[in-house]
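Taking it in order: structure first as structure tokens, then the write-up.
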Amino acid sequence: MAKKQVKRKAAGQKKTTPKKTAKKTVQKTAKKTVKKASSAMVKKPTVKKADPAVVATGLQSGDLAPAFKVQSDSGEWVSLQDFKGKTVVLYFYPKDDTPGCTKESCDFRDSFTRLKKEGVVVLGASKDSVSSHQKFKTKYQLPFPLLSDEAGTLCESYGVWKEKSMYGRKYMGIERSTFLIDGSGRIAMVYPKVSVPGHVDQVLSDLEGLKGK
């Protein structure tokens with residue numbers, strides 16, 4: 001009886017030939033190869049780091065500089081169009097006659113001769129009134145116009161009107177920023193969150209670099 005059961009059991013089993021085994025191995029290898037090839041073809045997206053200047057102001061090199069028409073310290077109306085064909089340094093500062101703003105303005109004053117020789121126009125801008133600008137300009141003998149943006153339209157168009165914080169108190173104010181605008185009216189350089197020491201020297205250096213291009 002035992003021999004018959006063994007024979008029946010053996011007869012019920014499927015025979016695996018060497019050819020079938022080889023075929024299955026080839027199929028499995030082919031599937032793995034296709035899977036690897038597909039994975040290699042799918043490239044991971046490159047994540048570019050955001051330009052700090054763009055994040056801070058919304059403007060970047062090559063953008064058309066926002067047009068404006070505001071009063072200067074003299075009471076005259078000044079527009080960007082007035083300086084077509086010239087390089088403009090437009091610097092925004094928080095407030096007249098405060099330590100940081102005075103230092104920055106005087107640094108531009110002290111380098112004004114060099115800037116003027118290069119045909120560069122310097123414009124300071126804040127939300128102070130025309131009369132406040134007149135006093136500030138006279139006190140420190142600033143040789144360039146100061147733009148009065150009491151309505152805030154100029155600051156907003158250049159993206160420098162920001163929420164600020166001091167001693168835990170939040171408030172809206174001008175974030176110190178500078179823009180280099182070329183003769184065609186396009187932005188050449190953006191300087192967000194300006195640190196006053198060395199800023200004017202950096203601007204002069206960049207002007208030289210742009211001139212060499």
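Nothing in this text is a laboratory measurement; each read-out follows from the coordinates by a stated rule. Quick caveat, the model's predicted, so the values are computed rather than measured. Cβ: placed from backbone, ideal geometry, glycine included. Neighbour counts: every protein chain shown.
For Gly159, work out the one condition from (1) part of a loop (DSSP other than H, G, I, E, B); (2) in contact (Cβ under 8 Å) with a residue 24 or more places away in the chain; (3) within 23 Å of Leu115 (Cβ to Cβ) it doesn't fulfil.
Unmet for Gly159, out of (1) part of a loop (DSSP other than H, G, I, E, B); (2) in contact (Cβ under 8 Å) with a residue 24 or more places away in the chain; (3) within 23 Å of Leu115 (Cβ to Cβ): (3).
If Phe144 satisfies all but one of (1) among the aromatic types (Phe, Trp, Tyr); (2) in a strand (DSSP E or B); (3) without any contact (Cβ under 8 Å) to a residue 40 or more places away in the chain, what's the number of the condition it fails?
Against the list (1) among the aromatic types (Phe, Trp, Tyr); (2) in a strand (DSSP E or B); (3) without any contact (Cβ under 8 Å) to a residue 40 or more places away in the chain, Phe144 comes up short only on (2).
Determine, yes or no, whether Ser165 is surrounded by fewer than 18 Cβ atoms within 10 Å (Cβ to Cβ), small (Gly, Ala, Ser) and either outside any helix (DSSP H, G or I) or touching a Leu at 6+ places or on another chain (Cβ under 6 Å) (or both). Outline the logic, then answer.
Working: surrounded by fewer than 18 Cβ atoms within 10 Å (Cβ to Cβ): yes; small (Gly, Ala, Ser): yes; either outside any helix (DSSP H, G or I) or touching a Leu at 6+ places or on another chain (Cβ under 6 Å) (or both): yes.
Yes.
Quick one: count up the residues across segment 104-144 that are exposed (fewer than 14 other Cβ atoms within 10 Å of the Cβ), basic (Lys, Arg) and within 25 Å of Glu208 (Cα to Cα).
The qualifying residues number 3.
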